[in-house]
1. Find the residue count for segment 131-142, including only residues that are in a helix (DSSP H, G or I) and either within 17 Å of the chain's Cα centre (by Cα) or without any contact (Cβ under 8 Å) to a residue 12 or more places away in the chain (or both).
2. Would you confirm whether or not segment 119-130 contains a residue that is closer than 14 Å to residue 68 by Cβ and at pLDDT below 95?
3. Mind listing whichever residues of segment 64-78 are surrounded by 19 or more Cβ atoms within 10 Å (Cβ to Cβ) and in a loop (DSSP other than H, G, I, E, B)?
4. What are the residues in segment 79-127 that are of a type in the set (Ser, Thr, Tyr), surrounded by 13 or more Cβ atoms within 10 Å (Cβ to Cβ) and either in contact with a helix residue (DSSP H, G or I) (Cβ under 9 Å, 6 or more places away or on another chain) or part of a loop (DSSP other than H, G, I, E, B) (or both), if any?
5. In segment 129-150, is there at least one residue being touching a helix residue (DSSP H, G or I) at 6+ places or on another chain (Cβ under 8 Å), of a type in the set (Asp, Glu) and closer than 30 Å to residue 195 by Cβ?
6. Look through 167, 180 and report the one residue that is over 30 Å from residue 23 (Cβ atoms), of a type in the set (D, E, K, R) and modelled with pLDDT of 80 or more.
7. Output the residues belonging to segment 27-44 that are crowded, with 21+ Cβ neighbours inside 10 Å and hydroxyl-bearing (Ser, Thr, Tyr).
8. Can you tell me which residues in segment 143-181 are β-branched (Val, Ile, Thr) and either surrounded by 14 or more Cβ atoms within 10 Å (Cβ to Cβ) or within 16 Å of the chain's Cα centre (by Cα) (or both)?
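The values are calculated or read from the model by the stated rules, or taken from the named source; none is laboratory data. This is a predicted model, so every value here is computed, not measured. Backbone-built Cβ (ideal geometry, glycine too); neighbour counts: all protein chains shown.
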Amino acid sequence: MAGRGRALRPPLNTGPRTEAYAALAARVATGPARLGRTRLVAVDGRGGAGKTTFAGRLAAALGDAPVAHTDDVADRVGQPWWPTLADLVLRPLGACTPWTDPRSGVRRPVPPVLILEGVSASRRTVTDRLTLAVWLHVPAAARVARGIDRDGPGSTVDWPRYEAEEDRLFSADPVWARADLVVDGAPGLPHDPETEYVRLR
């Protein structure tokens, strides 16, 4: 991240380009472990950006690395759910002890890599424990359409509130500016979405 000499940040490129999940996985696997023995990858972005899909594909490229979803402890953005996540996941792994999967409640062994996926997963308080921070960028209209398609037409009335909450959150903590990797979550560049993603920076 900015100011920390992050080894995983490649030279700046001049425009969108395709990259392979396998190559990113290899960089993560050889990167520094900053959460005890675990390399923590944060996949961040606004609602409907494609975070869960990206995290799943990177996890597969990492040999089925575990993924912790912030949605499993957060009802909505802005609520004080981060301490729960820290107690279940971050503090145990920082001490090199088993962690608790927020989705299943099952205690799991210390992994070499853990992917933390969700809105504000790369927030400032976790910056110094990240091996890699990813931001998924998608225009607002496309994100909202995806979210409503995913959550059902009844969610239409909720999205303005979600957007306003995210506006407040990311205005106070612009996590995309610290991201090691910014991904196009709605790419027009030809690529194989199962094995490749489109990098914006």
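1. Number satisfying all stated conditions: 1.
2. Taking every residue of segment 119-130 in turn, at least one turns out to be closer than 14 Å to residue 68 by Cβ and at pLDDT below 95.
3. Selection gives 65, 73, 74, 77.
4. Our first condition is that a residue be of a type in the set (Ser, Thr, Tyr); within segment 79-127, this holds for 84, 97, 100, 104, 120, 122, 125, 127.
Narrowing the set further to residues that are surrounded by 13 or more Cβ atoms within 10 Å (Cβ to Cβ) leaves 84, 100, 120, 122, 127.
Answer for segment 79-127, where residues must be of a type in the set (Ser, Thr, Tyr), surrounded by 13 or more Cβ atoms within 10 Å (Cβ to Cβ) and either in contact with a helix residue (DSSP H, G or I) (Cβ under 9 Å, 6 or more places away or on another chain) or part of a loop (DSSP other than H, G, I, E, B) (or both): 100, 120, 122, 127.
5. no
6. Details: 180 fails: over 30 Å from residue 23 (Cβ atoms).
When all the criteria are applied, what remains is 167.
7. 38, the sole residue that qualifies.
8. Within segment 143-181, 144, 148, 175 qualify.
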